[in-house]
Each structure stands twice: as C-alpha cells, then as structure tokens.
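Values quoted throughout were computed directly from the atomic coordinates according to the rules given, and no laboratory measurement underlies them. These numbers come from a predicted model, not from an experiment. No Cβ is skipped: glycine too gets one built from the backbone with ideal geometry, and neighbour counts run over all protein chains shown.
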Amino acid sequence: MAPDTVQRRSGAARRKGEVAATRESAPTRADQVARALAADILEGRRAVGSDLPAEPELAAAQGSSLAAVRAALRDLEGLGLVVRSRGEAPRIVASEIRANYAVTAQTDGDAGDYLARTRLVIDRQRQQIADAELAMLLGTPEGASWLRLTGLRFAADAAFGPLSCVDVWLATRAEQVGLPEEATASVLEQLLGVAIVEVEEEVMAGALTPAQARYLRARGGAPCLSLLRRYRKRGGAVVAAMRDIHPADRVGVLIRLRRG
C-alpha cells in the first residue's frame, strides 16, 4: 500500500486490517481468500518457512475456484508474505507486511509476469537524442535517436498508489506509439517488429529527486530503488529500455538462484 492511501500501522490486528483495506470496492472471492490466508500468516497460525498447500487443496479448503486462489496468492506475493516457484508449493517468507509490492524473478517469464500484473500509464512522449549520460545508461552509442515515454506504474487492481515513475526508451523515429498498459517483452517485440532474445536487469539504490518526489507524491530525498531493464535483439544491440524508480517503501526484490 502506498503511503498516500494506507498509513502503516503496528500490531498483528492492524496489519490484518491493512490487508483488508487494499481494495475499496466490494471484496471478490479472491480478496476473501487472500485476507483469510494473510490473517493466518500475520497471526502466526501458519509459520514462516512452511509451505502453503497446493493450489487445488487451497481451493477445496476455501471453497473457491483455482482462479480465485491463484489471484489471492499473487496478492500475498505482492505483500511480501509468500514466494512462488513453478512446480513448487507457495512458501511463507514473512510474518509481517514488509514491502508494498514484490518483484520475484527467476526467469524472463517471471519478470514479464510482474510487468503484466502492474499497469503502466504513459502521459508524455518525445524524441530524444542520446547524449553521453543517456548512452552510458542504456549501453548504446551516443547520438542515437530514441522515443522516450514517461509515466507512472500502478498495481493492476489499482489498490495501491503509484508504485514507480517510469521511463521507456524505444529505438524508433516515430513521434508517438500506443504502448499497452502491460508493457512486457512480447509487447515490445510486436511494437518494434524485432525479436528480443535477452532482457538484462540492473538494480541500483539512490534517492528521489525533487521532480520524482512530486510525481510520486513522496518525500524528496527519500531512498529509492531503480530497476533498469535493457532489451536486446540478436547480436546484442539494445532496442528498448525501461527504468522504474520506486520509493524504497513501495517495492521489494527477491532473487533466487538455483545451484546445479
């Protein structure tokens, strides 16, 4: 929950209320399942480090559909309470809400799932010639022409305030493009007409500039996390880049590496 919509509160009961306040509209079945599971975790009935039952078992126990259970688990993952991996049961990783949105990625498909679960709202587009600073940021030649799109990212269900301010650079001379809200690598491929074979993500810490703070309705100078994705075609050339600037209290990043 962004600071502008829900104030942080202490105590298990208040944290439970924080989960309940994530949506203002009438709760869906997925909301109800998410609240019930979150309450079990926050109040200690399900221990950190343990696994939740498999999705079919959860659906049977909650009297709900698999779709509702999956949506509920996405909400819990977004609250930083569980992590999910393909082929494995969801694992409980926290007993309190530690971040407002979690980015969990093991593959480019997982990173794309995060982008698909958020909503990108673009409000400005303009052509930009890469100076030395931008060329270094993007990893491209100086003097290249880019279409720069600027906007805000929100949780897909609109329960959160803005999660981040976003800059997107596209290797096109077009003055304007129609970028869908779910700006995944597949969407960028269709937009640019090229195959993207590699997505590189760079994570950097910093502080919000006054302009970024105003845009995000946050405090100037507050800690922030920058997630920069470079999209490369075959041969290694960057054809697109996307940078999210997140206030530190609105996102978490989990990277899991498997051995062998």
**OP:** Starting from region 177-249, pick out the trypsin sites (Lys or Arg not before Pro) whose DSSP state is loop and whose Cβ has at most 16 other Cβ atoms within 10 Å.
**Re:** 217, 219, 234
Subject >> Theoretical FRET efficiency, 1/(1+(r/R0)^6), r = Cβ-Cβ of residue 207 and residue 65, R0 30 Å, to 0.05 >> reply: 0.10
Original post:
What are the residues whose amide H is under 5 Å from the amide H of residue 251, where those residues sit 5 or more places off or on another chain and H is modelled from the backbone?
Top reply: 100, 101
**OP:** Read phi for every residue in region 125-135 and hand back ³J(HN,Hα) as whole Hz from Karplus 6.51 cos²θ - 1.76 cosθ + 1.60, θ = phi - 60°, with x for Gly and Pro.
**Re:** 9, 7, 6, 9, 8, 5, 7, 4, 5, 5, 4
